[in-house]
C-alpha cells in the first residue's frame, strides 16, 4: 500500500486556485521531492497532507488514514516541519526538543538514536535560546523536533530555504540517512539542484503537477537539444539571444546562457555567427546535457 | 497529564523570560493601585473656601482663624448673603463654604450648642469627603478645647452637606475598581495575546499537527495566568488593606473564591478574543477597546451607573466588572455573606459559560 495517496485534489482560496486536480502516490520509504517556484501550491499541498487544510475536492490518504475524518490518528504518525521558523525562540535548544517530545508523550532518551546524527551537531549549544541559532542550526533543531516522536511519514516544507550551501548539503545528507531507516519523506524545495537527490520528483506550477518521475528519467526525456553560450557581457548576451526568433527559450544559468531552438538544425556555426554579428567577444558555444532545472524551465514554457 | 504539565511548564518559561510580560503582570497592578490610592488619600493643601459668617463674634473669628492658620484652607471669598452661596459654587471658585449661624457665641454659651454648616462641592466626591473631615476635625478640636477650659459642656455641631452628589459615591471604589480592571486586563489581554502569538509565530501549526487536543492547548496556555492573576488579586487586596485601610468585613474565603471566579471569567473572555483575532495586534486592540475602556467607564468604577443615561445603563449590564465590583464592595465594606451576592455570582458564572462555549465553537482544529 502506498504511504501517501493523493487523488485529484483541488483547493481554492476565494477565487484563486492553489491546487488543481493534483494526483500522485508516494511509496513507503521513498524520498519524494516536490519542486516548484514560490506560490506553486507546495505549502497548500503539504498542509492538506498534515491535516491542517481540507481540500475542496478529491481524496487523500496518508498511511491509510483520511486527513479530514481521521486527523486525530494521523497526527500521531506524521512529523511536520513548516516552512517558516516554527520553534519557540525564547526556549533553549534542549527545552524546545524536550517540549516536542513531551507533547507526543515520549522523551528525548527514548528516540535519541533517530536524531543522534543531527542533534549531535547542535548539542554543544543546547543551552542557547533557539532564536540565537544560525539559520542552518535552527533547521537542524526543527528537524530534530519533527523526528523526536518517531514519525512514519516526515513532511518537510522548504527546509533548506534561506540556509547556506554547506548546511543545505548537510541537511540532505541527513535526509538520505533517515530514508535508510525506512521513514517516508516528502520534501518541497525551490532549489532544482536538490531535486536530483530525491527518488522521485514532481514538478508543480500554478497548482498543477506537470511531471513526475525519477530525476534521471525526467532528464532523459528532455525533448530538445540544449545549447550553452557564454560571452564577455552576459546581460547583453541574454537580451540579444532573446530577440532571435529561431530560439525557443533562453535563460541564464550561472554565468552562461542555456538555450533551445525551435528546430534541430541549429548548429555551432550559426550560433557563433549570430553572436559575432552583434559584436560579442570571447564567445563560447557548446552542446550541453540538460539538468533537472532545464527540464523544469522547458515545462514552464509549454 | 504529563503532556499537559509539559505544556504548562513551557508557558511559564515564556512568561518569566519576557520582561515586558513580567512588567505588565506585576509592575502594572502595583503601580496602579498605588497611583489610585495616592490620588484618593491625597492631602489637602490650601483648598479655596468661602466663609459666610452671620454672627461675626469672638468665637466665629477664633474658629475662622484656626481654620485659616492651618495649611489646608485659604480664604478665597467672604460671603455676605444667602444668594451668593450658590453663585460662588456655580462659578467653581471654591470647594467649600462654611456658614456660621447667627448669634453663634450666645447660642453656644446659653443653649450649649451652636451650628456650623459646611457646604461642599461634591462633584469631586473624594475631595469633598476629605475637606469635610478636615474641617470637622478642626472645629471639633476647638470645641473640645473650650469645653476643657470652661468646664461647661458647650458643643459646636458641624453640619456637613454635600451638594451635587450627596451620596458620595466613589469613596472606597478604587480598590474593587482597580482590582476589576487589572484582573481583566492581565488575564484577558495576556491570554489572548499569548494564544495569538502562537498563531503568528507559526508554532500553532506544529501544535495542531501534534496529538494535543485543543482543550489541552488552551488549558495549558491559560493555566499559568490563573495562578499569576490570582496572586495579583491577593496582592491588590493586601495593598488595599495594609496601605489604604480598605476594610475587609466579610468572609475572606468567599472574597477569594469570587476573585477566582472573576479571573476564570476574564480568561474565558481572553480565549474567546484569541479565537477571533488573527494577530497579536488585533488581540491587543480588542482587549484595549472592548475591555479596558468599558471596564473603566461603564462598570461603576469611575462614574456611578445610576447617573448614566439609560442606554449606557443598559450597556453596563453586560460589563462583567460591574458585577465583580458590586460583589467585592458587598463583601469587603458591608460584610455580607453569599446570600446577598448569589445573583452577581450567577451572572459571572453564566458569562464564563457563554465565553467558553463560544471559544470551543470558534477554536479551529485546522488552519482555516
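Since every read-out is calculated from the coordinates, none of them should be taken as a lab result. In this text the structure is predicted, and so the values were computed from the model without any measurement. Cβ sites come from the backbone with ideal geometry, for glycine too, and all protein chains shown count toward neighbours.
Using Cβ contacts closer than 10 Å as the measure, can you line up B:207, A:154 from fewest to most?
Listed from fewest to most nearby Cβ atoms, that is B:207, A:154.
Averaging over all projection directions, find the projected area of the Cα convex hull of segment B:1-132 and quote it in nm² with one decimal place. List each step's numbers first, then the result.
On the way: hull surface 56.2 nm².
Mean shadow area of the hull around the Cα atoms is 14.0 nm².
Can you tell me the relative contact order of chain B? Whole percent, Cα pairs under 8 Å, sequence separation 6 or more.
Reported relative contact order: 17 percent.
Take every Cα pair under 8 Å in segment A:4-220 that's 6+ residues apart, average their separations, divide by the length, and report that relative contact order as a whole percent.
Once normalised by length, the contact order is 30 percent.
Taking the Cα centroid of segment B:325-352 and of segment A:71-124, what is the distance between the two, rounded to the nearest whole Å?
Using only Cα atoms, the two centres lie 47 Å from each other.
Counting other beta carbons within 10 Å of each Cβ, put A:220, A:158, A:109 in order, fewest first.
A:109, A:220, A:158
Report relative contact order for segment A:226-301 in percent, whole number only (criteria: Cα-Cα under 8 Å, sequence separation at least 6).
Reported relative contact order: 40 percent.
With axes computed from alpha carbons, what is the tilt in degrees of helix A:234-243 against the longest principal axis of chain A, rounded to the nearest 10 within 0 to 90?
With rounding to tens, the tilt is 70 degrees.
Any idea what angle helix B:2-17 forms with the longest principal axis of chain B, computed on alpha-carbon atoms, 0 to 90 degrees, nearest 10?
Helix B:2-17 sits at roughly 50 degrees to that axis.
Which angle from 0 to 90°, rounded to the nearest 10, does the C-alpha axis of helix B:58-69 make with the longest principal axis of chain B?
The angle comes out at about 30 degrees.
Among A:244, B:310, what is the fewest-to-most ranking by other Cβ atoms within 10 Å?
Working: A:244 14, B:310 7.
Ascending Cβ contact count within 10 Å gives the list B:310, A:244.
What is the projected area of the convex hull of the Cα atoms of the protein assembly as shown, averaged over all directions, in nm²?
Projected area, direction-averaged: 44.8 nm².
For an R0 of 41 angstrom, estimate the FRET efficiency from the Cβ-Cβ distance between residue A:177 and residue B:19 and round to the nearest 0.05.
The pair residue A:177/residue B:19 has a calculated efficiency of 0.50.
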